[in-house]
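Chemist: Before I ask anything, let me first share the structure, which is written out below as structure tokens.
The values are calculated or read from the model by the stated rules, or taken from the named source; none is laboratory data. Being a predicted model, the structure only gives us computed values, none of them experimental. Don't worry about glycine lacking a Cβ; one is built from the backbone with ideal geometry, like all the others, and counts go over all protein chains shown. Just so you know, the surface numbers come from the protein's heavy atoms only, side chains and all, with ligands and any DNA or RNA stripped out. Shrake-Rupley method; radii C 1.70, N 1.55, O 1.52, S 1.80 Å.
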Amino acid sequence: MTNEIVCVGDSITGWRTRSKNKNDWPLKTYPEMLEKILQEKKYNFQIINEGYPGELAENSYSRVSEALASYPQAKYFIVLFGTNDVEDNPHRIQEISDTILTSLGSSVEKIREKEKIPILMTIPKIFGEQQFTNYNRIIELTNDRIITYCNKQKIKLIDISSKLSAKYFADGIHPNEEGARLIAKEVYKGLSKF
């Protein structure tokens, strides 16, 4: 029997469209790289990519609920949302962070309710020629809060943000192949500890 690991998130996770044609997205994704690592290590896991471009954290609960219903045998649910929620508004930093954290918390509780194992990831920073100061202030605040939340709630956490720099991104937001590989390695390391 093949074990399933479900990766739920935005376009950093994957590029799932209504056509479900993953070839529509030109960049490699971490779930794709993770599956290769697990195959090389002879682990019997199938990686399910439930990444939706442009998805917001406030919709994470419904995306996680859909994934739980679609893959009831899966044990692990890796969740990464938040990049699409940030904006260049210094007056909404706390509010946006609150929305992301509340949404992720609801998703985690839904996963636990089904007696599955939730794994959260920190949100990667945004890189580029343009100034992303306010965007990254929201991300840094939210990541600190995600780490605290995971520690208090005893939730598995994979901190990818601290490992990624500009060279790992194709466009400042989406990981390039090297970035996807790095994220996959961090996820693999995290799974190995769990």
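Chemist: Residue 93 versus (1) at pLDDT 95 or above; (2) more than 17 Å from residue 152 (Cβ to Cβ): which is the lone unmet condition?
Modeler: For residue 93, the failing item is (1).
Chemist: With the checklist (1) open to solvent by less than 10 Å² (accessible area, probe 1.4 Å); (2) free of Cβ contacts under 8 Å to residues at least 60 places away in the same chain; (3) in contact with an Asp or Glu (Cβ under 6 Å, 6 or more places away or on another chain) in hand, flag the one item residue 108 doesn't pass.
Modeler: Among (1) open to solvent by less than 10 Å² (accessible area, probe 1.4 Å); (2) free of Cβ contacts under 8 Å to residues at least 60 places away in the same chain; (3) in contact with an Asp or Glu (Cβ under 6 Å, 6 or more places away or on another chain), the lone unmet condition for residue 108 is (3).
Here is a yes/no grid of residues against (1) at pLDDT 95 or above; (2) open to solvent by less than 60 Å² (accessible area, probe 1.4 Å); (3) part of a helix (DSSP H, G or I); (4) under 13 Å from residue 10 (Cα atoms):
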position: 47; (1), (2), (3), (4): yes, yes, no, no
position: 65; (1), (2), (3), (4): yes, yes, yes, no
position: 78; (1), (2), (3), (4): yes, yes, no, yes
position: 88; (1), (2), (3), (4): no, no, no, no
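Chemist: Then there's this: For the range 124-156, what are the residues that are open to solvent by less than 50 Å² (accessible area, probe 1.4 Å) and over 20 Å from residue 91 (Cα atoms)?
Modeler: Residues satisfying the conditions are 124, 146, 149, 150, 155.
Chemist: Another question, then. Pick out the one residue from 30, 61, 52 that is within 14 Å of the chain's Cα centre (by Cα), more than 22 Å from residue 190 (Cβ to Cβ) and at pLDDT 95 or above.
Modeler: Going through 30, 61, 52 in turn, the sole match is 61.
Chemist: Still on this structure, please answer the following. Name the single residue that is least open to solvent (accessible area, probe 1.4 Å) among those in the range 163-178 being outside any loop (DSSP other than H, G, I, E, B) and touching a residue at least 60 places away in the same chain (Cβ under 8 Å).
Modeler: Start the filter on the range 163-178 by keeping residues that are outside any loop (DSSP other than H, G, I, E, B), which leaves 163, 166-169, 175, 177-178.
After this cut, where a residue has to be touching a residue at least 60 places away in the same chain (Cβ under 8 Å) as well, the list is 175, 177.
Working: 175: 9, 177: 87 Å².
Checked the range 163-178; the qualifying residue least open to solvent (accessible area, probe 1.4 Å) is 175.
Chemist: Checking residue 75 against (1) in contact with a Leu (Cβ under 7 Å, 6 or more places away or on another chain); (2) under 26 Å from residue 185 (Cβ atoms), which single condition isn't satisfied?
Modeler: (1)
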